[in-house]
Structure formats: C-alpha cells, structure tokens
Amino acid sequence: MPLKTVRDIDVKGKRVFVRVDFNVPLENGRITDDTRIRAALPTIRYLADEGAIVVLASHLGRPKGKRNEAYSLAPCAERLSQLLGKEVVFASDCIGEEVEQLVARQTPGSVVLLENLRFYAEEEKNDPDFAAKLARLGEIYVNDAFGTAHRAHASTRGVADHMQVRVAGFLMQKEVDTMGKALSAPDRPFVAIIGGAKVSDKIMVIENLLTKVDRLIIGGGMANTFLRAKGLATGKSLVEEDRVETARELLGKGGDKILLPVDLVVAAEFKADAEHKVVPADAVPEGWMALDIGPESARIFGETIRTARTIVWNGPMGVFEMEPFARGTFAVAQAMADTEGVTIVGGGDSVAAVEAAGLADRMTHVSTGGGASLEFLEGRELPGVACLETKE
Ligand code: AMP
C-alpha cells in the first residue's frame with residue numbers, strides 16, 4: 001500500500017517534526033560528503049514553501065548517549081542553510097523547555113535543526129518519556145530517514161504514537177514504494193544479484209528473494225560457500241564452513257533459479273598486487289583464493305541482467321576495493337546501467353561501486369539505507385515505516 005506523504009496533508013502554519021538522516025561523515029568538524037543532507041532537501045523545501053514550521057531531528061555517529069561536541073549537528077545546520085539558501089535555526093538540544101520555546105517563536109516557513117538525538121541514551125532505547133518530549137515539538141510527524149527505519153528508536157517509532165498525522169517524506173516514499181513494488185508486483189523477468197563477503201549476513205535475503213525472483217545471481221565471497229556446497233574445491237577462498245549445509249539447502253530449494261559463477265579470478269594472496277589468474281569455478285588451485293567472478297561469469301550475469309525487467313542488487317561480486325578484483329562488480333553495474341528495466345541498488349558497498357563506476361545516475365533507484373534496505377529485502381516490516389499512514 002503506498003504511503004501517505006507530506007503532499008497529502010495540510011501543513012500550513014503547523015509545527016512539523018521531521019526525522020531526517022543527517023548522519024554524514026565528518027573530519028575535524030567538516031562534512032566530507034553531504035549526500036544525505038541533499039537527499040532530504042525536497043521534503044524540507046516543500047514543507048517550508050507550504051508554510052510549515054519545520055523541525056528537523058537526526059542522529060550523527062555514535063556519541064553513546066552523552067553530549068559530545070565532536071558529534072554536534074551544528075555543521076549540518078550550516079551546510080543545510082547554504083543548500084536551502086535560507087536561515088536554519090540550530091537548537092543546542094533536542095528536547096526541553098528552551099527548545100520548545102525556540103520552536104514556538106518560529107514563523108511559517110522557518111527551519112529548525114535540533115541537536116543530535118543520540119546525545120540521549122533514551123533515543124535508541126525508544127524510551128516513552130523521551131519520545132513524549134520529542135513529540136512536544138510538533139503536531140505532525142514526518143519520517144524521511146529510510147536509513148534508520150529498521151530501528152525502533154524514539155524518533156523513528158515512539159514519537160509517532162503521540163501524533164495524529166504520521167506521513168512519509170519524499171525520500172522515504174521513493175525508497176519504500178520503489179522497493180515495495182519490486183518485491184510485491186515486479187515486472188518480469190525479475191532478477192536479484194546478491195554478493196558481498198558472507199552468506200550468514202544474507203541468508204534471510206536469499207530465502208525471501210528465492211520465493212519472488214525468476215533468477216538469483218550469487219557472486220562475491222559468499223559464492224564460495226555455495227561452490228563448496230556443490231562439492232567443488234575452493235582453495236584458500238573465504239568459505240563459511242558452518243554455512244555450507246545451509247547453502248546446500250538453498251541450492252536444493254532454488255537450484256533452478258540460482259546462478260553461480262562459472263569462472264573466478266583467483267589470487268595467491270589477499271593483496272592488490274598479488275599474482276592472479278582466471279580459472280574455471282571447478283579448478284581453483286590449492287592455496288589460491290577467489291577474489292572476483294571471472295569474465296565468462298560476468299558475461300552470463302550481464303546477459304541475464306540486460307534481459308530482465310526488474311533487477312535488485314545487493315553486495316559486490318568481488319573485492320572491488322582492489323582494482324584487479326573489481327571487474328566483476330563493475331560489469332554488473334554496467335549491465336544494470338544498460339538495461340531498460342527497473343534497477344534498484346541497495347546496500348553500502350554496491351552503492352559505493354555504482355558511484356565509483358559513475359553509473360549511479362543511470363539506476364532507477366540507489367537506496368540510501370544499507371541495513372534498512374537489507375531488512376526490506378528480507379521481507380521484514382520496518383518499524384519506522386509500519387507506523388506511517390498509508391493512502392487507503
Ligand atoms: P558485504 O558488506 O557483505 O556486502 O560485503 C562487502 C565486502 O565483501 C567488500 O568489502 C568486499 O571486498 C568483500 N568481498 C567480496 N568478494 C569477496 C571475496 N571473493 N573474498 C573476500 N571478500 C570479498
């Protein structure tokens with residue numbers, strides 16, 4: 001069911017409490033990447049233009065429940081003000097009488113950014129009193145922080161219980177609607193590509209996707225555990241011994257859908273300048289380790305991707321941080337960019353890969369939430385989404 005958004009409600013003159021994700025990387029108090037702030041701009045601009053009093057709340061880093069100026073959101077207020085081209089009032093706390101008065105003094109169209117929510121341990125504990133205090137700062141609740149929607153914290157879950165109106169921001173709407181449609185009513189063929197280091201992190205994703213997709217491509221470190229489950233020698237490759245049986249079961253359940261690499265780039269050591277070569281998947285030499293899919297696998301995976309109508313990708317095909325082992329991952333990114341179908345990239349490393357390849361703009365959707373998108377793909381209900389209103 002599509003989520004109700006800020007566009008579906010009347011916000012004029014109302015105090016709107018907006019959970020955003022301004023968890024940006026900082027170096028000596030300077031923001032090194034403002035993507036997350038930019039991602040929230042459409043919602044903030046819309047609310048301010050419609051005459052709301054916009055109260056923004058976010059966490060930043062892990063201050064462990066204590067005030068710590070190194071994690072202050074003050075630099076975000078400054079950057080947001082530059083991006084919006086208007087004043088952003090920075091509140092030195094996120095709860096309390098002083099903040100309430102500060103918000104009460106604002107006029108329609110103004111934007112306030114609260115100090116880091118995680119200066120209070122109560123935030124992550126979803127403490128009801130803390131949530132009630134946050135709720136005093138708004139009459140309407142908006143969640144635009146997909147990246148934290150899988151966590152039931154005071155600002156993502158508890159605060160919603162105090163609000164009559166609870167809607168999604170535009171970023172949240174795009175995340176949930178795009179991924180929701182892909183999983184519930186995909187244009188077919190529907191292909192998922194799962195990679196990354198470990199099977200253990202993504203068993204639930206694989207199990208859920210197997211019930212939905214036409215093809216499931218498995219690459220990256222985790223493919224080795226599947227190759228071992230098929231009885232192949234894997235040399236020194238990363239294999240989770242305690243998951244070989246699980247991999248065997250998954251192959252039993254979805255063997256006709258699962259595509260594994262047919263060739264691999266193997267290296268003598270886990271090093272960028274290690275000696276390396278391409279071998280068939282059933283001929284990994286003893287003492288060597290697979291660090292990427294081979295060119296024939298990249299070709300087969302690419303063909304499967306190019307003819308699909310919906311493609312979801314989570315996890316790199318190899319150790320793409322090292323140039324000699326990045327080709328498989330970039331080939332998948334390129335195939336996704338080439339296809340006419342709906343392309344969704346979810347999860348930190350695959351997002352980094354499409355960005356490094358300069359192909360992010362050619363994807364239908366690049367998810368901003370690693371953990372949240374993974375839980376979404378697992379078919380789990382996200383607490384930060386479940387508490388929002390739907391259109392019907
Ligand atoms: P994940 O966070 O589970 O998506 O895993 C991403 C990490 O998996 C990246 O840092 C990759 O370097 C790593 N990775 C991918 N393929 C392999 C492989 N064949 N062997 C070891 N690590 C890998």
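Every read-out reported here was derived from the displayed coordinates using simple, explicitly stated rules and does not represent laboratory data. Keep in mind the model is a prediction, meaning the values are calculated, not measured. Neighbour counts run over all protein chains shown; Cβ positions are idealised from the backbone, glycine included.
The stretch between Asp256 and Arg309 holds 17.2 nm of extra length on full extension. This uses 0.36 nm per residue minus the Cα-Cα distance.
If the cut-off is 29 Å between C-alpha atoms, which lysines fall inside it for Lys212, apart from same-chain ones fewer than 8 positions away? Within reach: Lys4, Lys174, Lys181, Lys198, Lys202, Lys230, Lys253, Lys257, Lys391. Around the amide H of Trp288, modelled in the peptide plane, lie the amide H atoms of Lys236, all under 5 Å away and 5 or more residues distant in sequence or on another chain.
Here, P(r) means the percent of Cα pairs in each 5 Å bin from 0 to the largest distance; for the range 1-102 it is 2, 11, 22, 23, 19, 13, 7, 2, 0. Divided by 2.2 N^0.38 Å, where N counts the residues, the Cα radius of gyration of the range 186-377 comes to 0.93. Descending by average beta-carbon neighbour count within 10 Å, the peptides 8-15, 49-56, 148-155, 384-391 line up as 148-155, 49-56, 384-391, 8-15, the highest first. Taking other Cβ atoms within 10 Å as a rough exposure proxy, Met317, Met179, Met322 sort from fewest to most as Met322, Met179, Met317. Relative to the dominant Cα principal axis of the chain, helix 35-49 is inclined by about 40°.
Using a cutoff of 8 angstrom between alpha carbon atoms and counting only pairs six or more residues apart, the relative contact order for the range 182-333 works out to 29 percent. Angle of helix 295-306 to the longest C-alpha principal axis of the chain, folded into 0 to 90 degrees and rounded to 10: 50°.
Annotation: amide H-H contacts under 5 Å for Leu113 (H modelled 1.01 Å from N, sequence separation of 5 or more, or interchain): Leu56, Val89, Phe90, Ala91. Of all beta bridges that DSSP places with both ends in the range 186-377, some 35 percent have antiparallel geometry. 3J(HN,Hα) along the range 253-263: 6, x, x, 6, 9, 7, 10, 10, x, 9, 9 Hz, from the Karplus curve 6.51 cos²θ - 1.76 cosθ + 1.60 with θ = phi - 60°, whole Hz, x for Gly and Pro. Entry note, the chain: relative contact order of 16 percent, from Cα contacts under 8 Å with a spacing of 6+ residues. Rounded if a/c is under 1.5, else prolate if a/b is larger than b/c, else oblate: which is the range 6-174, with a ≥ b ≥ c the root eigenvalues of its Cα gyration tensor? Judged from the Cα gyration tensor, the range 6-174 comes out rounded (a/c under 1.5). Under a 5 Å amide H cut-off, with hydrogens placed 1.01 Å from N, Leu388 pairs with nothing among residues at least 5 apart or on other chains. Counted by Cβ distance under 12 Å from Pro280, the other residues give a net charge of -2, where Lys and Arg count +1 and Asp and Glu count -1. One decimal place: the segment Met204-Thr390 gains 64.3 nm when fully extended, by the rule 0.36 nm per residue minus the C-alpha distance. Shape call for the range 295-387 from the C-alpha gyration tensor, a ≥ b ≥ c root eigenvalues: rounded (a/c under 1.5), prolate (a/b greater than b/c) or oblate? Because a/c hits 1.5 or more and a/b exceeds b/c, the range 295-387 counts as prolate.
Cβ crowding within 10 Å, taken as a proxy for footprinting-reagent exposure, orders Glu139, Glu241 from fewest neighbours to most as Glu241, Glu139. Relative contact order of the range 6-174: 29 percent, from C-alpha pairs under 8 Å at least 6 residues apart in sequence. If you take all other residues with their beta carbon under 13 Å from the beta carbon of Gly96, and give Lys and Arg +1 and Asp and Glu -1, the sum is -4.
Restricting attention to the range 6-174, close to 10% of DSSP beta bridges with both partner residues there are antiparallel.
Here the sum of -39500 (n - 2.57) over DSSP H runs of 4 or more residues, divided by the residues of the chain, equals -10000 deg cm²/dmol at 222 nm, to the nearest 500. Go ahead and run the numbers for FRET between Asp338 and Glu69, Cβ-Cβ distance against an R0 of 45 Å, rounding to 0.05. The formula returns an efficiency of 0.40 here. Report the antiparallel proportion of the DSSP beta bridges in the chain as a percent, rounded to a multiple of 5. Here the share of antiparallel DSSP bridges comes out near 25 percent. Note that the range 200-212 has calculated 3J(HN,Hα) couplings of 4, 6, 10, 4, 5, 5, 4, 4, 5, 5, 4, 7, 10 Hz, one per residue in order, obtained from phi through the Karplus relation 6.51 cos²θ - 1.76 cosθ + 1.60 (θ = phi - 60°); glycine and proline are x. Normalised radius of gyration (Cα atoms, divided by 2.2 N^0.38 Å) for the chain: 1.07.
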